[in-house]
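**Student:** Next up is a structure, given as structure tokens.
Rule-based calculations on the coordinates, nothing more; no lab input. Remember, predicted model here, so these are calculated numbers, not experimental data. Here Cβ is always computed from backbone atoms with ideal geometry, including for glycine, and neighbour counts include all displayed protein chains.
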Amino acid sequence: MKKNVTFTAVALAAAIGLAGCASGSDSNNEGAMSGMNHQGTSAAASPTASATASGPAASTDRNAADVAFAQMMIPHHTQAVHMSDVVLAKKDIPLQVSELANRIKAAQGPEIEKMQGWLKAWNQPAEMAGSHDMDGMMSDSDMKALDAAQGAAAAKLYLTQMIAHHEGAVAMAKAEIKGGTNADALALGKDIVSAQQAEIAEMQGLLKTL
């Protein structure tokens with residue numbers, strides 16, 4: 001059910017590990033994972049990057065890690081919203097699970113729009129190649145199983161799948177916090193880690209009651 005870390009953890013870690021070789025300006029490599037920089041590199045220390053703390057520069061200054069974070073998190077969030085829609089359309093779903101699904105939709109829908117706005121402002125594609133093979137993404141068979149399940153069984157499957165899904169998102173957000181420079185993207189990464197780790201704990205508790 002849970003995808004391996006082949007794409008996200010390995011690719012992101014490798015890219016961030018190469019950051020020390022990147023120059024202070026990686027504008028020619030912003031769409032490639034290999035151009036990511038640590039916050040401690042010259043790119044993070046440059047006047048434009050330091051200006052991201054306030055003002056309009058916060059929405060435009062970015063590095064390859066910020067771009068990749070948005071490109072990968074959009075389809076990841078989109079699937080979480082779809083999974084929530086699937087379970088909310090079913091009968092006999094426990095109220096606490098339905099409330100959680102609605103909260104996930106309410107949080108992640110606006111975040112998708114926010115990241116789409118960033119990529120448009122950055123003149124970057126909405127997705128990167130391979131972004132549907134990320135850690136935590138459900139396979140077609142996983143989604144078919146969720147579609148077919150009913151009642152308490154569907155609620156349990158949704159929670160189990162969403163825990164794995166959240167764990168993948170947390171891993172990507174932590175990679176952004178480690179390698180990104182854009183103030184808005186870093187803030188979202190921290191929000192995702194905080195909110196989704198809390199939801200993971202909540203879902204683990206709910207599973208014990210079903």
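**Student:** For the stretch 60-112, state what percent of all Cα-Cα pairs lands in each successive 5 Å bin, counting from 0 Å until the bin that includes the largest distance.
**Tutor:** All Cα pairs, binned at 5 Å, distribute as 4, 20, 24, 17, 13, 9, 6, 5, 2, 0 percent.
**Student:** With the cut-off at 31 Å, tell me which of the pairs Lys91/Lys208; Lys90/Lys178; Lys120/Lys144; Lys114/Lys144; Lys114/Lys208 have Cα atoms farther apart than that. It would help to have the intermediate numbers written out before the result.
**Tutor:** On the way: Lys91/Lys208 21 Å; Lys90/Lys178 39 Å; Lys120/Lys144 33 Å; Lys114/Lys144 29 Å; Lys114/Lys208 35 Å.
Violating the 31 Å limit, Cα to Cα: Lys90/Lys178; Lys120/Lys144; Lys114/Lys208.
**Student:** Could you state the orientation-averaged shadow area of the convex hull built on the Cα atoms of the stretch 109-175, in nm² to one decimal?
**Tutor:** Details: hull surface 22.3 nm².
Averaging across all directions leaves 5.6 nm² for the Cα convex hull.
**Student:** Can you give the FRET efficiency for Asp133 and Lys208, using 1/(1 + (r/R0)^6), R0 = 45 Å, r = Cβ-Cβ distance, to the nearest 0.05?
**Tutor:** On the way: r = 31 Å, r/R0 = 0.70.
The formula returns an efficiency of 0.90 here.
**Student:** Let me ask you something else. How far is it, in nm, from the label point at Ala152 to the one at Arg103 when both lie 7 Å from their Cα along the line to the Cβ?
**Tutor:** A separation of 2.3 nm, rounded to one decimal place.
**Student:** Here's something else I'd like to know. Could you compute the FRET efficiency for Val86 and Ser194, with r as their C-beta to C-beta distance and R0 at 30 Å, rounded to 0.05? List each step's numbers first, then the result.
**Tutor:** Values: r = 26 Å, r/R0 = 0.86.
That pair, Val86 with Ser194, gives E of 0.70.
**Student:** If you average 1/r across every pair of different Cα atoms in the stretch 168-210 and take the reciprocal, what Kirkwood value do you get, in Å?
**Tutor:** Details: mean 1/r = 0.0907 Å⁻¹.
One over the average 1/r among Cα pairs gives 11.0 Å for the stretch 168-210.
**Student:** Ranking request for peptides 100-106, 70-76, 203-209: highest mean number of other beta-carbon atoms within 10 Å first, then the rest in descending order. Kindly include the intermediate steps, with their values, before the conclusion.
**Tutor:** On the way: 100-106: 17.4, 70-76: 24.1, 203-209: 12.9.
Descending packing order for the listed peptides: 70-76, 100-106, 203-209.
**Student:** Right, here's the next one. How far is the Cα center of the stretch 179-210 from the Cα center of the stretch 83-115, in Å?
**Tutor:** After rounding, the separation between the Cα centres reads 15 Å.
**Student:** Once the convex hull of the alpha carbons of the stretch 54-210 is built, what does its volume come to per residue, in cubic angstrom?
**Tutor:** Working: hull volume 15.5 nm³, N = 157.
Convex hull volume per residue, Cα atoms: 99 Å³.
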